[in-house]
């Protein structure tokens with residue numbers, strides 16, 4: 001019986017395995033967000049109180065760090081630090097979207113108040129509260145995910161890259177490559 005199984009095994013060469021792994025990584029990166037697809041329409045509130053819509057993302061390349069849960073905040077902090085070390089904030093906007101599902105008894109103002117307790121005032125205009133799962137659904141981000149999602153948009157609001165998890169050297173390199181591709 002084992003001989004029959006052995007004779008049917010596929011032998012994978014190293015180049016074939018490398019190509020398969022690269023394809024799997026590429027597909028995992030783009031799940032839920034097709035290249036050159038537009039960011040969905042949404043409305044959020046900045047911690048500063050300003051109402052933000054998807055139209056605000058037009059005109060300058062932007063990196064959105066979507067934070068779908070409190071557990072993902074750790075990844076978000078790491079991403080903010082990694083991106084600020086590697087990018088000129090004058091050439092690309094970096095914004096954090098707190099994509100939270102508010103319980104029925106909590107208002108948006110309460111959520112903003114809680115967020116302000118954790119985030120320095122100088123970043124209030126760069127941190128947005130999104131109380132509807134529009135981005136999560138459109139970008140296939142699991143609700144309450146413990147991972148942050150980094151979305152790179154070109155100046156027309158088109159998605160050109162998407163990564164998730166903590167910023168590793170490889171993930172930061174993917175984001176940096178996407179940013180460089182817009183120049």
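One residue stands out among those in region 105-130 that are without any contact (Cβ under 8 Å) to a residue 40 or more places away in the chain and in a loop (DSSP other than H, G, I, E, B): the one that is surrounded by the most Cβ atoms within 10 Å (Cβ to Cβ), which is 106.
Only residues that are modelled with pLDDT of 90 or more and surrounded by fewer than 18 Cβ atoms within 10 Å (Cβ to Cβ) were counted across region 61-72, and they come to 1.
The values are calculated or read from the model by the stated rules, or taken from the named source; none is laboratory data. What you are looking at is a predicted structure, and each value in this text was computed from that prediction instead of being measured. When we count neighbours, we look across all protein chains shown, and the Cβ atoms used for this are built from the backbone with ideal geometry, even at glycine.
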